[in-house]
Amino acid sequence: MTSPKHTRYICANCGYIYDPAAGDPMNSISSGTSFETLPEEWVCPMCYASQDQFDVYDEE
Amino acid sequence: MKPSIASLYQAVELQQEIPPLLIGERANATGSKKFRELLLADDYQACLKIALEQEAKGAHVIDLCTAYAGRNETVDMTTMVGLCAGALKAPLMIDSTTPEVIEACLRLYPGRAIVNSINLEDGGVNIRRICKAAKKYGAAVVALTIDEKGMALTAADKLRIARNIHAIAVDECGLRTSDLLFDSLTFTVGSGDATLRDAAMQTLEGIRRIKAELPGCLAVLGVSNISFGLQPQARRLLNSVFLHEAVAAGLDAAIIDAAKIVPLASIAQEDREMCLDLLYNRQVVDGKEPLMRFIDHFSGKAGEAADQGPQEPTGTPEEQLFAKVLSGDKDDLDDLLAMLRERIKPVAIINQILVPAMRHVGELFGKGEILLPFVLQSAEVMKAAVTLLEPFMDRAEGDNRATSILLATVQGDVHDIGKNLVDIILSNNGYVVHNIGIKVPAETVIEKAKEYQVDMIGLSGLLVKSAIVMQESLPQYKEAGLDIPILLGGAALTPKFVAESCAPGYSGPVVYCADAFAGLKAVREHEEGRLQSTTYDPLTAVKPMKPGVRHLTVDRSNPVPLPPFIGQRYVEEIDPALFLPLINTQALFRGRWGYRRGKMGAEAYRELVLGTVQPIYQELLHRSVADGWLQARVSYGYFSCHAEENSVIVRADGQEYPFFFPRQSEPPHLCIADYFKSAGEGGDIAGFFIVTIGARIGEETTRLYRDNAYHDYLMLHGFSVEATDALAEYWHGVMREELGIAGDQSKDPVGAITQEYQGSRYGFGYPACPDLGAHRPLFDFLKPEAIGISLTENMQMVPEQTTSAIVAHHPQAKYFAV
C-alpha cells in the first residue's frame with residue numbers, strides 16, 4: 001500500500017497521470033504535493049478536466 | 001439490388017450489415033418440445049406466440065416446421081403460415097421437405113419466403129419440383145449438402161454437392177445464385193466420434209470454398225448442432241464461439257435461438273480458448289483430448305455460463321424481476337413476466353417493480369457504486385420487459401399521463417450521444433420522451449413542444465457554438481409563449497454560463513444538467529414542484545485555473561525542416577493495425593465508457609478491467625477490423641506559410657489563405673501563430689491533415705441505438721471516437737517522420753498524451769483554435785471531398801468520425817487553452 005501522500009491520480013478524460021513525486025511545475029505545483037492538497041482551481045494540464053474527473057491510479 | 005426476403009410488412013436483407021441473419025429455430029415441432037406439445041393440442045395461437053417471442057428477442061426470420069408423425073402437415077403448415085403472415089413482421093422460413101406442403105405454403109404466403117430445404121438425397125427428384133415452385137413464387141432456398149451417398153462430411157464433398165445443386169437450381173430451374181443459401185451441415189464435436197473430430201473445421205472450410213467457388217451464393221448453418229450431447233451451459237458458449245468463427249468464415253445466416261447467443265465479449269478468455277481448442281481439435285502436448293479437457297473444464301462450472309451467468313433464481317418473481325433489472329440480465333425474462341402477469345396487471349408490473357428498480361439503479365450510479373455501462377444494461381432489461389408487456393396492456397393503461405419531455409440536439413450540431421443517453425435514462429424510468437433528432441432549429445423545437453404538449457424541453461449540444469445557440473434561442477422560446485422548464489446539457493456548458501447567460505433570457509426554469517442523471521433529477525424535481533433555474537454564486541465557485549506557464553519566450557532561431565513535398569496528397573487504405581495500438585485506452589475506458597474506478601479497490605478495478613472491459617475492447621478491435629468497419633483515409637499536405645501577428649498566412653494552389661488564431665488574454669499570451677516564422681524571418685512550413693475512419697462505424701453505432709442495444713451503443717461510439725484520435729495521432733507521427741523531427745519518438749500512447757515529442761497538432765474546434773470556420777479554407781486546399789468527407793453548413797465535418805489539425809513543428813509547440 002502506498003501512502004496517500006504518494007498516490008497517483010489519472011484523468012478519466014484524457015489519461016494524464018498526476019504524480020505527486022513530480023508535481024506540475026508548469027503550473028507552479030511543486031514536487032511532493034499530494035493530489036488531495038492541490039489548489040481547488042487546479043485542472044488537468046492536458047485537457048483542462050476538473051479534479052472530480054480524476055481516478056485513483058496505482059498499478060500495484 | 002441486395003438479395004432480400006420479405007414479409008407483408010417489411011423487406012429484410014439476407015446479408016445483414018452485422019452478420020449473421022438470425023433465423024429463429026423454436027417454432028419447430030421436431031426441435032422444440034414446447035412447440036410440439038402445443039401443436040399436438042391444436043393450440044395454433046400459442047404456437048404463433050412462440051414465433052412472436054422469437055421476433056421480440058431479435059430473430060430476423062422465423063423458421064416454421066410442423067412436420068410430425070401422425071399430423072397432417074399440409075393443414076398444420078398452411079394454418080400456421082396464414083397466422084404468421086398477418087402477425088409477424090419477420091419473414092418466414094418454410095421448413096419442410098414435402099414439395100406439396102411447400103407449394104401450398106408459397107402460394108399462400110404474401111411475402112418472399114425462404115424454403116428450407118432442398119438436397120440431392122433422392123437423386124434429384126424433389127429438388128427440381130421445389131426449385132420450380134420457388135422460381136414461380138419468388139422464394140429463396142436453403143440447400144443442404146446431402147446427396148445419395150449421404151451427408152457430406154468433408155469440405156471437398158460439401159463443395160462438390162453444392163456445385164451439383166447449383167447446376168440444377170440455377171442452370172436448369174432458373175433461380176439466381178443469390179437465391180441459394182447453402183448449408184454446409186454442422187455435426188456435433190461433443191460425441192467423441194473420431195470421424196467427427198475435425199467436423200467444425202470441415203464445415204468452416206466448406207463455407208469458405210462454396211462461397212469462393214459459387215460467387216454470389218449465401219451460406220447458412222444450423223449452429224447449435226455443433227454441441228449436441230454436451231451440457232446446456234457449455235453448449236451456449238460453444239454455440240456462440242462457433243457462430244463467431246462461422247461468420248468470420250463467411251456465414252450469412254444462422255438458424256439459432258437468438259436469445260441464447262452469448263456475446264463473445266462476455267465469455268471469459270479461458271472458456272473461449274477451451275471452445276476454440278475443441279472446434280479446431282487443438283492438441284496440447286502431453287494433454288488429454290480437447291473434448292475431455294472441454295468437459296472437465298466446464299463440469300466444475302455447472303450453472304455459471306458467462307461471467308454473470310444465470311444463477312438459480314431465488315426469491316419471489318417480483319424480487320427476481322427487480323434483481324434482473326439490477327444485474328442487467330435479460331435471460332428468460334418472458335417466462336418471468338408471464339408468471340407475474342397471472343397475478344399482476346402489466347402496468348403495475350412496470351410501476352411497482354420495473355420503475356423502482358431503475359430508480360434504485362440511478363441511486364447506485366449517483367453514489368458511485370455502479371458504472372454507466374451497467375446502468376445501460378439495466379435500461380436494456382427495462383426496455384425489453386416493457387416491450388414484452390406492451391401487447392398485454394390496454395391503450396389507456398399505457399397513457400397514464402407520465403411527464404413528457406422533448407429532446408433535441410440544437411441547430412448546427414450533429415452530436416447525439418449525449419441526447420440519446422438522456423433519452424435512454426428518461427424513457428426507461430417511465431417518462432415519455434419525444435426525441436426529435438439533431439440539428440433542430442428552435443422554431444421546430446417550439447412547434448413540436450406545442451404539438452406534443454410536453455412538460456419539459458431538453459436541449460443538447462457538444463460544440464462551443466451550441467452553447468451560444470442555446471443562449472441566443474431562449475428569448476425565442478419566451479416569445480413563443482413557452483414557460484415549461486428547459487434543461488440544457490453539453491460539454492461546453494458550465495453552471496455559470498447557464499445561470500448568468502441563459503436563464504435570464506427565458507420565463508421558466510433553465511437548468512444545467514451535467515449528465516443524464518442530472519436530467520432525471522430535474523424531471524423528478526419538476527414533478528415535485530420544486531425545480532428552479534440553475535444559480536451561480538461567484539463567492540463559493542471554483543475558478544478554473546488556466547494551465548500553462550506564466551512566462552514564456554518562443555524561440556525564433558529554430559530551423560525550418562524540409563518537407564518531402566509541397567502541396568496536398570491523399571492516402572487511403574491505411575492498415576488499422578498501424579493506428580489502433582495508439583488508442584488511448586485510459587481515456588476510452590474511463591472517459592468515453594465510464595468505467596471509472598470510483599469507490600472500487602485497486603484489485604476490484606483491475607478485475608473489472610481484465611474481466612469485463614478488456615474483453616469488450618478486444619472484441620471491438622477484432623470486429624472493427626474483421627468486419628471492415630474502419631476505412632482509414634487521410635488528406636494532408638505541407639505548405640509554405642508565414643506568420644502575421646495572430647494569423648498564419650498559408651500559400652496553396654497559388655492563393656493565400658489566412659488562418660486566424662486567438663491569443664490568450666492572460667500571461668504568457670500564447671497564440672498558435674507564434675510557432676511560425678514571419679515573412680521577415682524567412683517564412684515557414686505548416687502541415688495540415690484531415691483524417692477519417694469512414695462512415696461505416698457510425699452506421700453501426702446508429703443501428704445499435706435504434707435496436708435498443710444501449711450498452712453496445714455506448715461502447716462502439718466511444719471506440720469510434722478514440723479510434724479516430726488514434727488515427728490522427730498516428731498520422732501526426734508520420735508527418736513528424738517526414739519532416740525529420742521524429743527523433744526517437746515514443747511509441748507509448750502515454751507519451752502521446754503528454755506530448756513527449758517535438759511539435760504539436762492543434763485540432764480545429766479544440767481549445768487552442770476553437771473556430772470551426774477554418775474548415776472552409778482547409779477544405780479548399782486539402783480537398784477531402786475526394787475521400788468522402790464533406791462539410792455541413794455549420795462547418796462540421798461528415799462523417800462524424802473525422803478530425804482535422806494544423807501541425808506545428810516548433811520544439812516549444814505544446815497544447816494550451818485560450
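Quick note: the coordinates plus some simple rules give every number you see, no bench work behind them. Given the structure is predicted, the values throughout are model-derived calculations rather than measurements. Glycine gets a Cβ as well: all are built from the backbone with ideal geometry, and neighbour counts include every protein chain shown.
Starting from the coordinates of the alpha-carbon atoms of the stretch B:10-122, obtain the Kirkwood hydrodynamic radius over all distinct pairs and give the value in Å to one decimal.
For the stretch B:10-122, the Kirkwood estimate is 14.1 Å.
Taking every alpha carbon pair in the stretch B:344-399, what does the distance histogram look like in 5 angstrom bins from 0, in percent?
Answer for the stretch B:344-399: a P(r) of 4, 19, 26, 20, 14, 9, 6, 1 percent.
With 10 Å bins from zero, work out the P(r) of the stretch B:594-709 over every alpha carbon pair and list the percent per bin.
Histogram of Cα-Cα distances, whole percents per bin: 11, 22, 18, 19, 24, 6, 0.
State, in angstrom, two size descriptors of the stretch B:181-280 derived from its alpha carbons: Rg to one decimal place and Dmax to the nearest whole number.
So, for the stretch B:181-280, Rg and Dmax equal 12.9, 38 Å respectively.
Quick one: grab Rg to one decimal and Dmax as a whole number for the protein assembly as shown, Cα atoms only, in Å.
Cα only, the protein assembly as shown: 30.5, 98 Å (Rg, Dmax).
So what's Rg/Rh here for the stretch B:472-529, counting alpha carbon atoms and using the Kirkwood radius for Rh?
My calculation of the ratio gives 0.96.
Please give the per residue volume of the convex hull enclosing the alpha carbon atoms of the stretch B:631-785, rounded to a whole number of Å³.
Dividing the Cα hull volume of the stretch B:631-785 by its residues yields 153 Å³.
Excluding residues on the same chain fewer than 8 positions from B:Lys478, give the lysines whose Cα lies under 16 Å from its Cα.
Straight-line reach from B:Lys478, under 16 Å: B:Lys448, B:Lys450.
List, largest first, the extents of the alpha carbons of chain B along their principal axes, each in whole Å.
Between the extreme Cα coordinates on each principal axis of chain B lie 94, 65, 56 Å.
So how strong a dipole does the stretch B:34-81 carry about its Cα centre when Lys and Arg Cβ are +1 and Asp and Glu Cβ are -1, to the nearest 20 debye?
My answer is approximately 100 debye.
So if I take the centroid of the Cα atoms in the stretch B:421-461 and the same for the stretch B:218-273, what is the distance between those two points in Å?
40 Å
Quick check on the exposure proxy: order B:Phe719, B:Phe781, B:Phe365 from fewest to most C-beta atoms within 10 angstrom.
Going from least to most buried by this count: B:Phe781, B:Phe365, B:Phe719.
Along the charge dipole of the stretch B:13-132, Cβ charges K/R +1 and D/E -1, which of B:Ala29, B:Met93, B:Leu106 sits furthest on the positive end?
B:Leu106
Would you list B:Lys33, B:Lys324 from fewest to most Cβ contacts within 10 Å?
Listed from fewest to most nearby Cβ atoms, that is B:Lys33, B:Lys324.
What percent do you get for the relative contact order of chain A when only Cα pairs under 8 Å and 6+ apart count?
Result for chain A is 39 percent.
Can you tell me which lysines have their Cα less than 22 Å from the Cα of A:Lys5? Leave out same-chain residues fewer than eight positions away.
Of all the lysines, those that pass the test against A:Lys5 - Cα under 22 Å, at least 8 places apart if same chain - are B:Lys599.
Would you kindly calculate the translational diffusion coefficient of the stretch B:68-141, applying Stokes-Einstein with the Kirkwood radius from alpha carbon pairs, for 25 °C and a viscosity of 0.890 mPa s, and quote it in µm² s⁻¹ without decimals?
Result for D is 197 µm²/s.
Tell me which aspartates and glutamates have Cα within less than 18 Å of B:Lys89's Cα, excluding those fewer than 8 residues away on the same chain?
Excluding near neighbours in sequence, the set is B:Glu13, B:Glu25, B:Glu53, B:Glu55, B:Asp63, B:Asp257, B:Glu390, B:Asp707.
With 30 Å as the limit, write out which pairs from B:Lys496/B:Lys783; B:Lys465/B:Lys521; B:Lys33/B:Lys288; B:Lys135/B:Lys211; B:Lys367/B:Lys465; B:Lys132/B:Lys211 have Cα-Cα distances beyond it, or answer none.
From B:Lys496/B:Lys783; B:Lys465/B:Lys521; B:Lys33/B:Lys288; B:Lys135/B:Lys211; B:Lys367/B:Lys465; B:Lys132/B:Lys211, over 30 Å: B:Lys496/B:Lys783; B:Lys33/B:Lys288; B:Lys367/B:Lys465.
Take A:Cys14, B:Cys641 and order them by how many other Cβ atoms sit within 10 Å, fewest up front.
The order, fewest Cβ neighbours first, is A:Cys14, B:Cys641.
To the nearest whole percent, what portion of all C-alpha pairs in chain A is separated by more than 14 angstrom?
49 percent
I'd like the isolated cysteines in chain B, meaning no second cysteine's beta-carbon lies under 4.7 angstrom from theirs.
B:Cys47, B:Cys65, B:Cys84, B:Cys105, B:Cys217, B:Cys275, B:Cys502, B:Cys513, B:Cys641, B:Cys671, B:Cys769
Where the only charges are on Cβ atoms (+1 Lys, Arg; -1 Asp, Glu), what is the dipole of chain A about its Cα centre, to the nearest 20 debye?
140 debye
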